[in-house]
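Okay, structure first, notes after.
The values are calculated or read from the model by the stated rules, or taken from the named source; none is laboratory data. Remember, it's a predicted structure, so these values are computed and weren't measured experimentally. Neighbour counts run over all protein chains shown; Cβ positions are idealised from the backbone, glycine included.
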Amino acid sequence: MKRFSHERVQPGFTAGDETKLLGDDTPFAIREAYNSTRTKLLFYGQGEKCPVFAVTSSLPGDGKTMSSVNLAISFAQMGKKTLLIDGDMRKATMHSYLKIGYQDGLSELMAGLTKEINIREAGKENLFFLPSGDIPPNPAELLASSKMTEVIKALREKFDYIIIDTPPVEVVTDAALLAPYVTGYVFIVKCGSSDINIVKHSIETIQELKGNIVGFILNDSNNVRDNYYRSSGYYKKYYKYGGYKYGRGASYAYGYVGKKDLE
């Protein structure tokens, strides 16, 4: 069993972040959208000691990282000890939302460079964070290794829920490789941006590896173009999809999770 290191940090939520992360000042519709998502996920995790949900999307800019953070906050708000894992070891961004360093995280753990699972407190009650670590040369191989099985097993003994943010499925294979370890996938679909054929292909990719799609979050459903939850396309270095714009765009979260056809 791996030894846990529990690092205490100052709350990372600074002025200006309140509009991005769930809190008392978050608009009612957004809070209820995430709470509804959380309620439905509670049913999927019944019978498991600690359900593990991977959050992914087809392409960059769909809002998956912010949805991951806010889903975890929603679970933490109901008193569940919740762990956020930044499973995107190629282009991690979650640590920037939480104002926590990314070093000494998942990649170092998977590569055997540390024996500690270095969990950080994330600035909100019941919310904890395992960062991505430094960029490794072989992230897909690390996620598919037997070490990942060992780590997930150890973490399930310590938490009530685990949320893993993963790279977009159409960019790299990393997200699909987590299928053996997770309860299910929450798929982010951005209204007015996600191509239905690309989304279907992404879902098929996950299902080919026996991944369980537990539902979808329709993101940016009002197509709001304001300063909420803006993100950039960080994957240009790894992937270029013809005709897809990687520019900045609002990802105003308003969605649901449930068994629903995209047809």
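Quick look at the values:
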quantity: Meets criteria (part of a helix (DSSP H, G or I) and either out of contact with any Asp or Glu (no Cβ under 9 Å at 6 or more places or on another chain) or among the basic types (Lys, Arg) (or both)) for Ile73; calculated: yes
quantity: Unique match (being at positive phi and not hydroxyl-bearing (Ser, Thr, Tyr)) among Gly87, Gly63, Gly101; calculated: Gly63
quantity: Selection within segment 111-131 - assigned to a loop (DSSP other than H, G, I, E, B), modelled with pLDDT of 85 or more and in contact with a strand residue (DSSP E or B) (Cβ under 7 Å, 6 or more places away or on another chain); calculated: Ala122, Asn126, Pro131
quantity: Hits in segment 159-179 (condition: farther than 21 Å from His201 by Cβ and not in a strand (DSSP E or B)); calculated: Phe159, Asp160
quantity: Residues that are of a type in the set (Gly, Ala, Ser) and modelled with pLDDT of 85 or more, drawn from segment 39-61; calculated: Ala54, Ser57, Ser58
quantity: Test: residue in segment 140-155 that is within 28 Å of Ser36 (Cβ to Cβ), in contact with a helix residue (DSSP H, G or I) (Cβ under 8 Å, 6 or more places away or on another chain) and either surrounded by 24 or more Cβ atoms within 10 Å (Cβ to Cβ) or in contact (Cβ under 8 Å) with a residue 12 or more places away in the chain (or both); calculated: yes
quantity: Residue identified as β-branched (Val, Ile, Thr), modelled with pLDDT of 90 or more, closer than 27 Å to Pro27 by Cβ and within 16 Å of the chain's Cα centre (by Cα) among Ile164, Ile152; calculated: Ile164
quantity: When residues of segment 171-213 are limited to those that are among the acidic types (Asp, Glu), in contact (Cβ under 8 Å) with a residue 12 or more places away in the chain and surrounded by fewer than 18 Cβ atoms within 10 Å (Cβ to Cβ), the one nearest to Ser58 (Cα to Cα); calculated: Asp195
quantity: Every residue from segment 77-94 that is in a helix (DSSP H, G or I) and either in contact with a helix residue (DSSP H, G or I) (Cβ under 7 Å, 6 or more places away or on another chain) or surrounded by fewer than 19 Cβ atoms within 10 Å (Cβ to Cβ) (or both); calculated: Met94
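One line per residue, one yes/no per condition, for (1) among the charged types (D, E, K, R); (2) closer than 11 Å to Gly133 by Cβ; (3) more than 12 Å from the chain's Cα centre (by Cα):
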site	(1), (2), (3)
Ser74	no, no, yes
Met78	no, no, yes
Gly87	no, yes, no
Leu106	no, yes, yes
Gly112	no, no, yes
Lys115	yes, no, yes
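Residues checked against (1) hydroxyl-bearing (Ser, Thr, Tyr); (2) touching a Ser or Thr at 6+ places or on another chain (Cβ under 8 Å); (3) closer than 19 Å to Glu157 by Cβ:
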| residue | (1), (2), (3) |
| --- | --- |
| Ser74 | yes, yes, no |
| Met94 | no, yes, no |
| Ile100 | no, no, no |
| Gln103 | no, no, no |
| Leu109 | no, no, yes |
| Ile119 | no, yes, yes |
